[in-house]
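Following: one structure in structure tokens, then a few remarks.
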Amino acid sequence: MFTKVTNSMFTKRRERKQAELHEELAAVLRSPDAAVRAAAATRAAEAAGLEWALRELASAVAREPWTDDFDEGVVDGFAIALRRDAKVRGRAERLVARHLDDPEGFVRAWAAFVAGLGGPPGPQEVGEDLQDDMRAHLTSLRAHGWTAEGLDGLGPPGFFARDLAFDLAVVPASLVLLRNRQLPPAEAERVRAKTREVLERALAFPPDSDDRLDLIAPLAEIPDAEAWTDRALRGIRLDETLALCASDDDARAALGVEALHHQCLCDDILRRRGIIEALDHLVAREREPMVLQQILDCYGRLHVLSPLETRPVELFRTALGHADADVRKSAASGMGLLTRGTPDEIRAVGTLVGILDHDVDEEVRGFAAQTLAGMARDEEERGTRTIADAMARHAGSASPLIRAATLQHALEDGAPDAYDRLLVEFDSPDVPWPFLAACQLVLIDDDFSIPDDIRPRLVERLERLRTSGWAERDVDPGGYPDPDDRAEMLAELLEQVRAVRG
């Protein structure tokens with residue numbers, strides 16, 4: 001009897017202590033301080049009752065405000081809690097493994113799994129943008145050891161590599177669901193109406209005018225106070241832009257393209273399929289040069305962020321012969337991006353070399369040179385020799401843009417005179433900014449090194465530019481780069497030169 005009473009007393013005491021802990025952690029998980037919430041989440045994951053911890057942490061993840069350090073918040077504790085129980089962890093691992101190539105299925109299965117733990121319900125609709133976002137996450141998991149069979153190749157549960165790979169599935173999955181939240185219907189309709197109003201007002205002003213820019217540029221901006229619904233807000237604005245692009249009225253369609261051109265500058269482009277369909281529709285009709293230029297830029301931007309399945313190479317090749325120089329510049333910039341690593345690359349090299357040799361516009365030739373500098377590097381490729389010969393022919397060009405591109409190519413190719421040319425260019429107190437941009441591109445490559453006898457001499461020249469006020473001299477008013485851009489460019493290059501190994 002005494003033993004039963006004692007056991008009962010200890011049981012009740014443990015339950016009371018656990019209840020007190022739960023009450024304390026539940027309150028702290030709602031703290032406005034992110035670090036406090038994160039610490040409470042870790043305590044909950046490790047010490048609280050598992051069922052309670054999973055339920056509270058799943059709910060806490062859904063409550064998290066926008067933060068750049070999301071992976072350092074409560075979601076880390078949620079991942080720890082999921083790893084705590086073999087059955088729960090096993091279910092999560094099987095779920096991920098089964099859906100590595102099925103973003104829509106993963107969203108639905110993961111949301112149902114979290115809801116089953118006591119978390120909030122998942123999204124009612126799994127749209128294109130959510131699928132694209134989740135697809136990128138799932139694709140990255142393979143690089144961390146995930147396969148269709150799971151994580152057994154990384155050792156048993158508890159091994160660091162396996163635990164890390166598990167967390168790298170949980171944290172971004174939670175993040176993707178949060179950042180694809182939809183706006184409430186009334187708010188969505190308000191945004192839609194406001195966007196239409198802005199676009200209608202913009203129609204009254206000439207294309208590419210400052211007045212029009214002042215109206216449409218904010219449509220591409222992310223609010224200062226970021227929220228999980230920012231993607232939904234941008235998606236609604238894009239819908240209205242795409243509706244204009246589809247108009248049979250040339251003026252309205254041109255405005256749609258101009259607005260789309262700004263919206264495609266984001267690093268996270270939404271409505272990708274809709275944009276491609278709109279661009280394909282637009283190029284089927286004769287367009288004003290500015291509209292065609294912006295269409296080319298949009299294709300290029302889409303391809304940079306995620307390769308296009310169908311590449312409009314012929315469109316770009318044809319545009320290289322357009323009467324308008326701005327169209328030719330955009331075509332020259334994009335041609336290399338679209339053809340790199342494809343059977344079209346050799347032909348593109350020949351076309352661009354022809355532009356570099358013969359185009360009447362110096363900037364078009366400069367853009368062609370920049371593109372060629374970043375193309376074929378395979379010793380067995382005929383295009384590689386063609387590019388090297390073209391770069392050598394134009395190494396003494398009077399155009400800083402062309403000369404900087406040839407210097408970039410010489411540095412990357414290890415040309416014997418590359419460093420002599422580099423130091424001579426930076427001897428000038430008014431070295432043109434394209435040389436700084438070219439050097440930055442070269443130094444991005446982790447395998448590139450600067451000889452020990454060259455580095456201090458280059459640093460000395462860059463420091464001289466900094467102290468002599470180079471950033472403020474000979475600046476094109478209203479153009480790029482402005483003094484702040486030039487100062488930042490110089491500071492970043494100095495940092496890169498000092499950091500790169502010899």
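The values are calculated or read from the model by the stated rules, or taken from the named source; none is laboratory data. Keep in mind the model is a prediction, meaning the values are calculated, not measured. Using ideal geometry, Cβ is built from the backbone for each residue, glycine included, and neighbour counts are taken over all protein chains shown. Protein only, heavy atoms only, side chains kept; ligands, DNA and RNA dropped before computing areas. Shrake-Rupley method; radii C 1.70, N 1.55, O 1.52, S 1.80 Å.
General remarks:
- Filtered by the rule that a residue be over 20 Å from the mean Cα position of the chain (by Cα), buried (at least 17 other Cβ atoms within 10 Å of the Cβ) and among the polar types (S, T, N, Q), region 210-268 gives a lone residue, T241.
- Scan of region 114-141 for residues that are closer than 17 Å to L168 by Cα and open to solvent by less than 40 Å² (accessible area, probe 1.4 Å), ordered by number: V114, D133, M134, H137, L138, L141
- Any hit, region 231-245, residues being in contact (Cβ under 8 Å) with a residue 12 or more places away in the chain and not in a helix (DSSP H, G or I): no
- A count restricted to region 306-330 and to residues that are over 18 Å from P343 (Cα atoms) and open to solvent by 70 Å² or more (accessible area, probe 1.4 Å) stands at 1.
- Condition met for F160 (within 29 Å of the chain's Cα centre (by Cα), of a type in the set (F, W, Y), open to solvent by 40 Å² or more (accessible area, probe 1.4 Å) and over 25 Å from C245 (Cα atoms)): yes
- Annotation for region 49-56: at least one member residue is closer than 22 Å to R89 by Cβ, at pLDDT below 90 and more than 29 Å from the chain's Cα centre (by Cα).
- Conditions (1) in contact with a Ser or Thr (Cβ under 6 Å, 6 or more places away or on another chain); (2) open to solvent by 40 Å² or more (accessible area, probe 1.4 Å); (3) among the charged types (D, E, K, R): number failed by R340: (1)
- Qualifying residue in region 450-468 (condition: farther than 17 Å from V424 by Cα, of a type in the set (A, V, I, L, M, F, W, C) and either touching a residue at least 12 places away in the same chain (Cβ under 8 Å) or open to solvent by 60 Å² or more (accessible area, probe 1.4 Å) (or both)): no
- Top-ranked residue of region 351-364 - restricted to ones that are under 31 Å from the mean Cα position of the chain (by Cα) and not aliphatic (A, V, I, L, M), ranked as least open to solvent (accessible area, probe 1.4 Å): T351
- Contacts under 7 angstrom Cβ, first residue in region 141-166 being more than 17 Å from D101 (Cβ to Cβ), partner open to solvent by less than 90 Å² (accessible area, probe 1.4 Å) and of a type in the set (D, E), 6 or more apart: F166/E93
For every residue, the table says whether it meets (1) under 30 Å from V291 (Cβ atoms); (2) at pLDDT below 95; (3) crowded, with 16+ Cβ neighbours inside 10 Å.
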{"position": "G153", "(1), (2), (3)": "no, yes, no"}
{"position": "P156", "(1), (2), (3)": "no, yes, no"}
{"position": "V171", "(1), (2), (3)": "no, no, yes"}
{"position": "A186", "(1), (2), (3)": "no, no, no"}
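- Among residues of region 407-427 that are touching a residue at least 12 places away in the same chain (Cβ under 8 Å), those with a beta-carbon under 7 Å from a residue that is open to solvent by less than 30 Å² (accessible area, probe 1.4 Å) and in a loop (DSSP other than H, G, I, E, B) at least six positions away or on a different chain give the pairs Y419/I454; E425/V431.
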